[in-house]
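One structure is given below, encoded as structure tokens.
The values are calculated or read from the model by the stated rules, or taken from the named source; none is laboratory data. Quick caveat, the model's predicted, so the values are computed rather than measured. Because the Cβ atoms are built from the backbone with ideal geometry, glycine has one as well, and the counts that use them run over all protein chains shown.
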Protein chains: 2
Amino acid sequence: MTATNRSRTSASEATTAIRLDARRLPSEKARSDKHQAITQAASEMFLAEGFDGVTLDQIAQRAGVSKQTIYSHFSDKQGLFRAICTELTERLTIPLRKSVARGDLRSTLTRLGEDALAMMLHPASLDLHRLVMSAALRFPELGQAAYEAGAERLVGDLSTLLLQRSQMGDGLREPIDEKRARILAEQFIGMLRGFHQLRGLLAIEPLPATDRSAYVAACVDLLLRGA
Amino acid sequence: MTATNRSRTSASEATTAIRLDARRLPSEKARSDKHQAITQAASEMFLAEGFDGVTLDQIAQRAGVSKQTIYSHFSDKQGLFRAICTELTERLTIPLRKSVARGDLRSTLTRLGEDALAMMLHPASLDLHRLVMSAALRFPELGQAAYEAGAERLVGDLSTLLLQRSQMGDGLREPIDEKRARILAEQFIGMLRGFHQLRGLLAIEPLPATDRSAYVAACVDLLLRGA
DNA sequence: ATCAAACTGGACTGGTGAGTCTAAGCTAAA
DNA sequence: TTTAGCTTAGACTCACCAGTCCAGTTTGAT
């Protein structure tokens, strides 16, 4: 019942690359069609109900596919789950880089902070976070992968940015080395999250966006004053 | 298999209040004994395996109790789960206050920060966090309760502390009001967590304690420079 | 037209788990 | 001793589910 109203997430055909001369052999076109339908349906359902909350019959039905077809594309339920998580992990962590590196440090940090926070609070991101976390003991590789693609990459990017700006003499009080840059980055992302993300993960009503904006500004402030 | 080596958490008899003339009617002594055994066993297993990963037969066996007895103490599996979570939520959030309010602001914050971080990284706390989070969609009250008992209370306490110190003219650059105190508190706790807790939740090896200590110091620094 | 691969639907197996029931055992109060 | 309430072991119901099997159908290539 929770899952039904989250259906359209607009990932129906954006993933596979080749689209020229579509109607050809079944071993490519049809295969990827069914494959898509399955991963799409499975994503929605796993995100909404968790690994144990979903049956393969439900997935088959929603994907408009027979159960046998699922087993011809994936080894078993766990294999499907792993594939879903891996794909979602990557798809959900890319779109942040665009906000980097224009303007002075303050405005760059503000923009990056707002984008990052918005992404962390996006329903799909919260669902994935919850999913991976609750599966982390059973599927440790997934936890590791999600950490690297999410937190680790974000901190890495930000700390690179800070280091560059420091060398350019832009915005920071004192020169910093790489280690210090990483600490600052982690502090910034950490304080940015605050408890907003936690509230989302615990299914508590979020604060209004205006408060969020002010909070981001306060975080930029605190960082720039101290770094 | 994961659960077996976490057995002794020393909560066997600390909860019920009356202890005078112990051996009386079975409806009090025996009842609370069994009750204890059940909640103890259920806690360990739910924390380690999650709601769906545990069967009532397993709980009964580990508690040394018949399944029927469980049903005479709790309405059903969900009722047991709710009770467990509620109890754990409260038990795991109390022991922080002791570190408050001695010494100057810097050392107070340092002590509080180290205690808070240690608590957030404690295995039991991580397990509970993971558990409540993965159950938050099915049991929203539990998420709400955990938030209030954990994050909300911590931020509240810290912001009260900051406000008091500000009025005493101790350590802060400029006077702050209550709203600002809350923001600072949330920033501090947020940056303190950094990604340490996330790593724990995702079952990734934690950093050595010395790094943690340095990180806490850096957080105190950043806060005091900017506040 | 023919063929092979992919797909379908539905039946089936084997196993599991929540919750119920029963007949007997224990303990403490009267 | 009797009684009443709690407990126990284990059998039992009923539903669900992962994974398999199969007989028949579609689909696109040759």
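Structure notes:
- Conditions (1) out of contact with any Ser or Thr (no Cβ under 8 Å at 6 or more places or on another chain); (2) closer than 21 Å to B:LEU88 by Cβ; (3) in a helix (DSSP H, G or I): number failed by B:LEU142: (1)
- Among the residues of the stretch B:149-187, those identified as part of a loop (DSSP other than H, G, I, E, B) and not basic (Lys, Arg) are B:GLY169, B:ASP170, B:GLY171, B:LEU172, B:GLU174, B:PRO175, B:ILE176, B:ASP177.
- Residues of the stretch B:174-199 satisfying the condition of being in contact with a Phe, Trp or Tyr (Cβ under 9 Å, 6 or more places away or on another chain) and without any contact (Cβ under 8 Å) to a residue 40 or more places away in the chain: B:ILE183, B:GLU186, B:GLN187, B:GLY190, B:MET191, B:GLY194, B:PHE195, B:LEU198, B:ARG199
- In the set (1) closer than 30 Å to B:GLU141 by Cα; (2) out of contact with any Ser or Thr (no Cβ under 8 Å at 6 or more places or on another chain); (3) not basic (Lys, Arg), the condition left unmet by A:MET168 is number (1).
- Counted residues, the stretch B:58-97 - those being of a type in the set (Asp, Glu), closer than 16 Å to B:LEU47 by Cα and within 16 Å of DNA strand C (Cβ to nearest atom): 0
- Scanning the stretch A:61-76 for residues that are within 9 Å of DNA strand D (Cβ to nearest atom), surrounded by 18 or more Cβ atoms within 10 Å (Cβ to Cβ) and either assigned by TED's automatic domain parsing to the domain that holds A:LEU128 or part of a helix (DSSP H, G or I) (or both) turns up just one, A:ILE70.
- The stretch A:193-204, subset under 16 Å from the mean Cα position of the chain (by Cα) and at the interface with another protein chain (Cβ under 8 Å from one of its Cβ atoms), residue surrounded by the fewest Cβ atoms within 10 Å (Cβ to Cβ): A:LEU198
- All positions within the stretch A:99-137 that are in contact (Cβ under 8 Å) with a residue 40 or more places away in the chain, more than 8 Å from chain B (Cβ to nearest Cβ) and of a type in the set (D, E, K, R): A:ASP104, A:ARG106, A:GLU114, A:ASP127
- Restricted to the stretch A:205-227, and to residues there that are facing chain B (nearest Cβ under 7 Å) and modelled with pLDDT under 95, the residue that is surrounded by the most Cβ atoms within 10 Å (Cβ to Cβ) is A:GLY226.
- Yes/no for A:ARG111 being surrounded by 14 or more Cβ atoms within 10 Å (Cβ to Cβ), more than 15 Å from the chain's Cα centre (by Cα) and at pLDDT below 95: yes
- Of all the residues in the stretch B:168-192, those that are more than 10 Å from chain A (Cβ to nearest Cβ) and modelled with pLDDT under 90 number 6.
- Residue selected from the stretch B:83-92 under the condition surrounded by 18 or more Cβ atoms within 10 Å (Cβ to Cβ) and either within 15 Å of DNA strand D (Cβ to nearest atom) or more than 14 Å from chain A (Cβ to nearest Cβ) (or both), by the criterion modelled with the lowest pLDDT: B:LEU92
- Only a single criterion out of (1) surrounded by fewer than 22 Cβ atoms within 10 Å (Cβ to Cβ); (2) within 29 Å of A:LEU131 (Cα to Cα); (3) out of contact with any helix residue (DSSP H, G or I) (no Cβ under 7 Å at 6 or more places or on another chain) is not satisfied by B:GLN164, namely (2).
- Lone unmet requirement of (1) of a type in the set (D, E, K, R); (2) out of contact with any helix residue (DSSP H, G or I) (no Cβ under 6 Å at 6 or more places or on another chain); (3) under 19 Å from A:MET191 (Cβ atoms) for B:GLU148: (3)
- Restricting the first member to the stretch A:200-213 and to residues that are in the same structural domain as A:PRO123 (by TED's automatic domain parsing), and the second to residues that are among the basic types (Lys, Arg) and surrounded by 18 or more Cβ atoms within 10 Å (Cβ to Cβ), the beta-carbon pairs closer than 7 Å and six or more apart or on different chains are A:LEU201/A:ARG130; A:PRO206/A:ARG199.
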